[in-house]
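The values are calculated or read from the model by the stated rules, or taken from the named source; none is laboratory data. Owing to the predicted nature of the structure, the values given are computational and were not obtained by experimental measurement. Cβ: placed from backbone, ideal geometry, glycine included. Neighbour counts: every protein chain shown.
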Amino acid sequence: MGSLMSMFFFIYTIAILCVCLSTASISLSAFVVSHRIKYLPQTTFFIAYFIELASIFAGEWAVQNIGKINYDNYYAIDNPAFRIIIGAIVLVCFWLIVFDIIDEKSPWAVAVPATVLVISQALILILMPYGPLRQWLFYGMRQVSLIGCLVYGLVKCKCSEDDVFHKRMLKRKRQILLLIVLIVLIVVEDTVVILVAPIPSGDNDFAGVFLSSRSVSENLMMCCIAATVIHQTVKDLALRFNEPPEIVNDAERDSNLLNHIENRLPRYAAEHSLSKREREILAFAMEGKTNREIATELFLAEGTVKTHLHNIMKKCETPNREELRKDFWAS
């Protein structure tokens, strides 16, 4: 039974590592094609997670083939400096991914929580005695950072008066709820494995393959993030970055187009200092609507729409509507 369990966790770990590498490769490919910076944190996130998981896998192999599990090594934080640094990289990338969604551009918004995480974990290792509580708190700081990131995003959403931003966040409601559930599961799993469950004995099926440094719930969360990243990246590439997408009548593709417009619009408008009305008109223009159609949608005079579009093109430094569309989709 023990050998079967070892084989299961071997295949399981290889599968997770493959998911990390595959997602990193897709994100990096998207960056090469689109030159959009948002794909770099995604790539780094999965590479860093791959490195950390590979190191845990190596530790499990060493226990199985070289040593044995006991109190002296079960609650140890192997290579603490490496664990702190690689964990910080993973969480900083997670924050950057979330900040891209909520249009947070302040470097301090990332630097402060990253610094707090590193200092907190270092103090836990230095000040606390060896044991399960020390390990639980060390890894628990990651969940505190994840929760802090989500709370920050929710607070910003609540304080924002931007209707477009609220709609974008509402569409991600299920993803946010899923993340919260998975974070709770990680905390529960860490509590059970580290604080409650006894150390596996040498003849236990989990000996050497279910160390307290491994988190199945965390792996599951990573896979959910990978699935979301791959899905969104494929959709982004499907619309092509070097030229605007063609406007078609297919309902599903039209819906896909509207989602991409909503995702790009806040940052593009902020970069070019567009007013709220100009943002609304730009969104309709990117859908391919004529001045008359836009005027009808917004209950404006056609001449007013034309004037707003002229101001938009001036701010965006584009000579005509077609170049404006190209500039928008290349952003």
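Of the candidates L133, L137, L125, L146, the single residue that is in a helix (DSSP H, G or I), under 22 Å from I77 (Cβ atoms) and free of Cβ contacts under 8 Å to residues at least 24 places away in the same chain is L137.
Of L177, L117, all but one fail to be at pLDDT 90 or above and in contact with a Lys or Arg (Cβ under 9 Å, 6 or more places away or on another chain); the exception is L117.
Consider region 262-290. How many of its residues are closer than 18 Å to K315 by Cβ and touching a helix residue (DSSP H, G or I) at 6+ places or on another chain (Cβ under 8 Å)? Going through region 262-290 one residue at a time, the tally reaches 18. Counting the residues of region 146-158 that are in contact with a Phe, Trp or Tyr (Cβ under 8 Å, 6 or more places away or on another chain) and closer than 15 Å to A114 by Cα gives 2.
When we screen V209, V229 for residues that are in contact with a helix residue (DSSP H, G or I) (Cβ under 9 Å, 6 or more places away or on another chain), surrounded by 17 or more Cβ atoms within 10 Å (Cβ to Cβ), of a type in the set (A, V, I, L, M) and at pLDDT 85 or above, the only hit is V229. Of all residues being under 18 Å from the mean Cα position of the chain (by Cα) and loosely packed, with under 13 Cβ neighbours inside 10 Å in region 156-174, which is modelled with the highest pLDDT? Just the residue, please. Ranking the candidates gives R174 first.
Filtered by the rule that a residue be surrounded by fewer than 21 Cβ atoms within 10 Å (Cβ to Cβ) and aliphatic (A, V, I, L, M), region 20-46 gives L21, I26, L28, V32, V33, I37, L40. When we screen V118, V181 for residues that are out of contact with any Gly (no Cβ under 7 Å at 6 or more places or on another chain) and either closer than 19 Å to S215 by Cβ or of a type in the set (D, E) (or both), the only hit is V181. Evaluation of I102 against the conditions (1) buried (at least 18 other Cβ atoms within 10 Å of the Cβ); (2) in contact with a Ser or Thr (Cβ under 7 Å, 6 or more places away or on another chain) shows that the sole unmet condition is (2). Restricting attention to region 308-331, the residues being in a helix (DSSP H, G or I), without any contact (Cβ under 8 Å) to a residue 24 or more places away in the chain and either surrounded by 14 or more Cβ atoms within 10 Å (Cβ to Cβ) or of a type in the set (F, W, Y) (or both) number 2. L237 satisfies every condition listed in (1) at pLDDT below 85; (2) in contact with a Gly (Cβ under 9 Å, 6 or more places away or on another chain) except (2).
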